[in-house]
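*Asks:* Below is one structure. I have some questions about it.
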Amino acid sequence: MVEKHDLGQAIKTVRAARGLSQEAFSDVSSRTYLSTLERGLKSPTLNKLAELCEVMQVHPVTLLALAYAGDGGKADRLLAQVRQELDRVWQTADKTGFNLKKDRVEQ
């Protein structure tokens, strides 16, 4: 069984924690669209996710970690797993001559 991940709830949680209303996103999104995201009826593109995160002043990975892990204990394990996976990808890329660090876009 696939575990459920709730990006919409993560958006709503961060928005509320930052004290932002849905209207605060008017430069990047309509209230209606943001509401459909928060209710899980739609999924944003990566570009839209980055725009929303800019308004909330969090990195998109932070939002994804919250969506995947929820509480602090799970988040710590998830971030450790991500670090290990990134290290393996970079090691493999270095061996193949592909320079991920050079080609990576900074956020």
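*Asks:* Obtain the nm distance between the two label points defined at LYS74 and ALA17 by a simple spin-label model: each point lies 7 Å from its Cα along the Cα-to-C-beta direction.
*Replies:* About 1.4 nm separates the two model spin labels.
*Asks:* When ARG15, ARG31 are ordered from fewest to most other Cβ atoms inside 10 Å of their Cβ, what list results?
*Replies:* Fewest to most other Cβ atoms nearby, the residues stand as ARG31, ARG15.
*Asks:* GLN91 versus HIS5, label points 7 Å from Cα toward the beta carbon: distance in nm?
*Replies:* With each label placed 7 Å out from Cα toward Cβ, I get 2.3 nm.
*Asks:* Roughly what would the spin-label model give for ALA24 and LYS48, points 7 Å off Cα along C-beta, in nm?
*Replies:* My value for the distance between the label points is 2.0 nm.
*Asks:* Go ahead and estimate [θ] at 222 nm for the chain from helices alone: -39,500 (n - 2.57) per DSSP H run with n ≥ 4, summed, over the residue count, rounded to 500.
*Replies:* Rounded to the nearest 500, it is -20000 deg cm²/dmol.
*Asks:* Here are several values of volume of the Cα convex hull per residue in Å³: (1) 139; (2) 105; (3) 124. Which one was derived from the coordinates shown?
*Replies:* This structure yields the entry labelled (3).
*Asks:* Within region 1-65, report the GluC sites (Glu not before Pro) that DSSP leaves as loop and that have at most 11 other Cβ atoms within 10 Å.
*Replies:* Filter output for region 1-65: GLU3.
Just so you know, all these numbers are worked out from the coordinates, no wet-lab data involved. Small disclaimer: the values here were computed from a predicted structure and weren't measured. Heads up, the Cβs are rebuilt from the backbone with ideal geometry, glycines too, and the neighbour counts pull from every protein chain shown.
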